[in-house]
Amino acid sequence: MHEGVMKAWLESSHLNGGNVAYVEELYEAYLDDATSVPDEWREVFEQLPKVDGVDVEVKHSEVRTQFAQLAKNKHREVVVAEGSGGDLKQVKVLQLINAFRFRGHQNANLDPLGIWQRERVRDLELEYHDLSSSDFDREFNVGSFAVGRDTMPLGELYQALKTTYCGSIGAEYMHITSTEEKRWLQQRLESVQSRPKFEKDEKLRILKGLTAADGLEKYLGAKFPGAKRFSLEGGDALVPMLKELIHRAGESGQQEAVIGMAHRGRLNVLVNVLGKNPSELFDEFAGKHKETLSSGDVKYHMGYSSDFATKGGNVHMALAFNPSHLEIVNPVVMGSVRARLDRLGDSSGIKALPITIHGDSAVTGQGVVQETFNLSQTNAFSCGGSIRIVVNNQVGFTTSKQDDVRSTDYCTDIAKMVQSPIFHVNSDDPEAVAFVTQLALDFRNQFKRDVVIDLVCYRRHGHNEADEPNATQPVMYQKIKKHPVPRLIYADQLIAEGSFSEQEIKALADEYRNALDEGDCVVSEIQPETSHSSDWAKYVGHEWDVDYDASVSVEELKTLGEKIASYPEQYKAQSRVKKIYDDRKLMASGEKPLDWGMAETLAYATIATEGTDIRLTGQDSGRGTFFHRHAVVHSQSDGATYTPLQHLSEDQGTFEVYDSVLSEEAVVAFEYGYATAEPTSLVLWEAQFGDFANGAQVVFDQFLSSGEQKWGRLCGLTILLPHGYEGQGPEHSSARLERFLQLCADHNMQVCVPSTPAQVYAMLRRQSVRPLRRPLIVMTPKSLLRHPLATSSLEELSHGVFHNMIDEVDDINPEKVERVVFCSGKVYYELLQERRKLEQDNIAIVRVEQLYPFPHDEMQTIMERYQHVTDFVWCQEEPQNQGAWYCSQHHFIDAIPQGAKLKYAGRKASASPACGYMSVHTKEQQALVADALTIENKG
């Protein structure tokens, strides 16, 4: 419609959507008889513009009837009402354009080996749209096809569509619901027909990248034959692709880039993108290594960092360390980038860029990929969009049949869940690769979304260089054996077009080979002095007994306590929440002892006022699974929220608490990445129930417990795991304490079971104040959150001292003690209450608040009081094969007097963590308490 008429329509209130049926009836009456409608409506209809070549208006009712008949007949061809007199081929042309936008990628030339078997796409054929070559010279309106003109001859248009959508790039973006994003992509793709012109210097940069990628692999293959290197050969385009990405990132304002990738091509990226000295890599192949790590790791797991010079400034690059567990590094990278963005004060996501490199089999096979995509647009985990590159070598180890490895057409289909554009590109066309790389970054920066590049390539050798791929992929490897390397394909193209001579291309290869022989950095953009995003120096080299002062005066605690117990009047808190806050005011004034929630919140308040940023995530962390924290007040009148910990002082550190997505693996990995990039912040993750933490077991095993020993990566992440046996069954009782203790060695992390509010307060302050950054695993309570005995005073908090062990608290003469019961956690209070009930003054109860590193010094001090005792018991709620018994008993045996015995009191060994029947639970609990407190008659 004419723009002015449309504007008038839109501004007419009588023409709103609610009146559509009435207006249609009037218009159809007008078509039958213009005099049958009111004058004002006749004037409106007469002003509607006429379409050239259309003599007769068609009634809407007739169109609807035709479409209803079409649906009944299930006929695919669109039927248009007779009598229009118009050229229906114009409509068909617009449908043809749309078909290429939707399905052109299915006919694109993506496979460098040419072995893909793809079904015929009839939608892309002229005949399907009732068009033919006889229409080629006829001009048609091209609608929104972004070629800079309104009309084109059909022949020229058809060729432009095939070039744009069926060349070396297959673009998938029509699944995106945003019209703005689709139009943006159409403009970028169609305006250059997916083939932009590259200047000679850009072609040279691409050629140098391919030369380096190919040259390093050949050099390593000759110098270290048979050694595992997980060659990039076949996917060589990844090197110029990454360099193009970093160059454009620098020009776009990015200051940092974090890369996550698996083993395939990693050594090549280390040397040819990040600038690791080849001599260092050669030493690693030769078995030489620096004795700086207690265990170390294989060379294709190691990370690296460097500064890369671009026209827009230096970009600090970091290649994340990673294990062989595929795809788990992706959320780690996102967490690292989020930490950098927060440190740079950038909420837009521009200053730091996450780049993750995937394998085609792993990206469809590993569930953490879906979890990571789900993080991408959430408040807690968004980092402005990631560039996700799939090195699609069409085989996973020995498996290459599509119906064996996935249930989708493409390995990248998972990305559609977050409406990411997906660019499939033939890796043998490096200019197409460079173009989609530019396009991907520009889209990411414009719309803050993940973008996926499917780099379709091949694997020249087996899974590793000692593997024999012909055994399982004979046809593929016959093709690969005859297929020229990407460098030569591009070199021939450049020679043919006259950009470079054969001698110039050979000189580049010789120059690179000579540089490898010299062993120095081969990346000209790498700066000699590498900057560091964070200063880790003050956290390096400290031991557990390093001195620190975490004390806070009672007066300061009272002041902060009043602030965290207050919220503006306009926020109408729910009645139970209001009661909690009212009680906290009494606790702040000293009128009531502090409960767990108040002490924990005070810890955060003191840490924040010291200028430390705090980040707490978990599925219900704002409120707390057990209704104890309430860090966020939700107004009952309008849903507005208020977080007292964000309103302590003008110069305080930030306090961010997020209710996370329902995921353990990706979220814990994200927080690990955040904590390893930001040592000055207190970073915490809380499980809804500790039982669910094992959904993130790979993070605990491969990163948290061993990252320092393998890679030298320090991490101060705190893990809060609700744990305790209250009869809630096998899924809501145990955080699997035994698994964390089994991972403990080399002083790699802390495992604590605090039993009082003062202890959790001091533990959190210690984790922040002490210049030591190692993971902290905390078994947090459930029923103790409101236990009348589990309280503390402001005076106890003010000292800020965490007690690794707590000796007997009742007034018991140690000389009369016949048995010492060791325990941790909630069971202590059941033992204490039962002993008091029985008035037993010959049994001492000693709490172990830190199970690892085991507090040998404190243990020795306590044992000096009980040297005469020969009867010692370890009491736990968990089954005998779980909990701390097997992992910690040797510490007690070493500490108790010679000749004394250590007995076990607890549930019998069980395959399940807990029983599901309350009656059975109660009997078991009573029995283990009685067992711990019953001294056998020696007579």
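Laboratory data are not the source of any read-out in this text; all were calculated from the coordinates shown. None of these values were measured; they are calculated from a predicted model. Quick reminder, even Gly has a Cβ in these numbers, built from the backbone with ideal geometry, and neighbours come from all protein chains shown.
Extending each Cα 7 Å along its Cβ direction at Ser178 and Glu502, get the distance between those two points in nm, one decimal.
With each label point 7 Å from Cα toward Cβ, the separation is 5.0 nm.
Can you tell which of Tyr828, Val869, Ala930 lies farthest toward the positive end of the dipole of the stretch 808-933, using +1 and -1 charges on the Cβ of basic and acidic side chains (Lys, Arg; Asp, Glu)?
Value computed over the given set: Ala930.
As a test, work out the antiparallel percent of DSSP beta bridges whose residues both lie in the stretch 369-454, rounded to the nearest 5. Each step should come with its number before you reach the end.
On the way: 1 of 8 bridges.
Once the DSSP bridges in the stretch 369-454 are tallied, antiparallel ones form about 10 percent.
Considering only Gln419, Tyr567, Phe285, whose Cα is most displaced toward the positive end of the charge dipole of the chain, charges sitting on Cβ of Lys, Arg (+1) and Asp, Glu (-1)?
The one lying farthest along the dipole's positive direction is Phe285.
Using the alpha-carbon atoms, what tilt in degrees (0 to 90, nearest 10) does helix 200-223 show relative to the longest principal axis of the chain?
Tilt relative to the chain: about 50 degrees.
On C-alpha positions alone, give me the angle between the axis of helix 20-32 and the longest principal axis of the chain, in degrees, nearest 10.
Roughly 10 degrees, rounded to the nearest 10.
What does the charge dipole of the stretch 754-913 about its Cα centre add up to, to the nearest 20 debye, if the Cβ of each Lys and Arg holds +1 and the Cβ of each Asp and Glu holds -1?
Working: 19 positive and 20 negative charges, 156 e Å.
Dipole size: approximately 740 debye.
If you find the alpha carbon centre of the stretch 101-148 and of the stretch 738-755, how far apart are they in angstrom?
Measuring centre to centre over Cα atoms gives 61 Å.
Positive end of the dipole of the chain, charges at C-beta (+1 Lys, Arg; -1 Asp, Glu), about the Cα centre: which of Pro469, Ser347, His628 has its Cα farthest in that direction?
Pro469
Out of residues 5 or more away from Ser305 or on other chains, whose amide H comes under 5 Å of its own, with H placed 1.01 Å from N in the peptide plane?
Here the answer is Leu319, since their amide H atoms fall under 5 Å of that of Ser305.
If you take every DSSP beta bridge whose two residues both sit in the chain, what share of them, in percent to the nearest 5, is antiparallel? Before the final figure, lay out each step's value.
Details: 23 of 86 bridges.
In the chain, DSSP labels about 25 percent of beta bridges as antiparallel.
For Val751, which sequence-distant residues (separation of 5 or more, or a different chain) have an amide H within less than 5 Å of its own amide H, given hydrogens modelled in the peptide plane?
Amide H neighbours of Val751: Ile777, Leu851, Tyr852.
Show that you can apply the helix-only estimate: for the chain, add -39,500 (n - 2.57) for every DSSP H stretch of four or more residues, divide by all residues, and state [θ] at 222 nm to the nearest 500. Provide the component values of the computation, followed by the final result.
Values: 31 runs with 355 residues, N = 939.
Mean residue ellipticity at 222 nm (helix-derived): -11500 deg cm²/dmol.
Treating only the Cβ of Lys, Arg, Asp and Glu as charged (+1, +1, -1, -1), what charge dipole size does the chain show about its Cα centre? Round to the nearest 20 debye.
Values: 97 positive and 135 negative charges, 339 e Å.
Magnitude of the dipole: close to 1620 debye.
What distance in nm lies between label points placed 7 Å from Cα along the C-beta direction at Thr641 and Glu28?
5.1
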